[in-house]
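Every read-out reported here was derived from the displayed coordinates using simple, explicitly stated rules and does not represent laboratory data. Remember, it's a predicted structure, so these values are computed and weren't measured experimentally. Neighbour counts are summed over all protein chains in view; Cβ atoms, including those assigned to glycine, are modelled from backbone coordinates with ideal geometry.
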Amino acid sequence: MTSLTRNADHAASEAHNREFLVFSLGEEEYAIDILKVQEIRGYENVTRIANAPAFIKGVTNLRGIIVPIVDLRIKFHLDTVEYGGQTVVIVVNVGERVVGIVVDGVSDVMTLTPEQIKPAPEFGVTLSSDFLSGLGSLEDRMLVLVDIDKLLTSEEMALVDSVGE
């Protein structure tokens, strides 16, 4: 095998690796595709929108673009939702839309191989796993991989569209 062939094989295997931004919600670690992330910002007060669901915190003006802010901690029904110095907003691009998601903190960017990504478990009717793309397994860590497109395009999230207009 020539070094050129080895390099091509190595590049092909790396092409299937995926990078994820890892963030925390409560005690759990979640991850989203790094290619969906536009930026990470500190949490700032937002303009509340009347009659919006509790998980839609409001909107903020991001360089002239009105961005809806969704608190994933409320969306995922966490017991305590506190805003502190570690609370951040991950600004993501979903389709034609820019949305901010509030999380407890961002820890790092991780590369996962296809072997490290396991299928999402089925929870039945009580908890929808439609927005989970799988579980990332790394030594002593388990990451819940969130399909941000599916999460932010679900029916209830259609309200985000009306909020952002």
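A few points about this structure:
- Karplus-derived 3J(HN,Hα), 6.51/-1.76/1.60, for each residue of segment 69-86, Hz, glycine and proline x: 10, 10, 8, 5, 5, 6, 4, 8, 6, 6, 5, 10, 10, 10, 9, x, x, 8
- Paramagnetic reach from SER24 in segment 62-91 [backbone N under 20 Å; point 7 Å along Cα→Cβ]: 71-91
- Relative protection proxy for 58-64, 31-37, from highest mean packing down: 31-37, 58-64 (other beta-carbon atoms within 10 angstrom).
- Cα gyration tensor, segment 18-163 - rounded (a/c under 1.5), prolate or oblate: prolate
- Charge sum, other residues only, whose C-beta stays under 15 Å from SER137's C-beta, Lys/Arg counted +1 and Asp/Glu -1: -2
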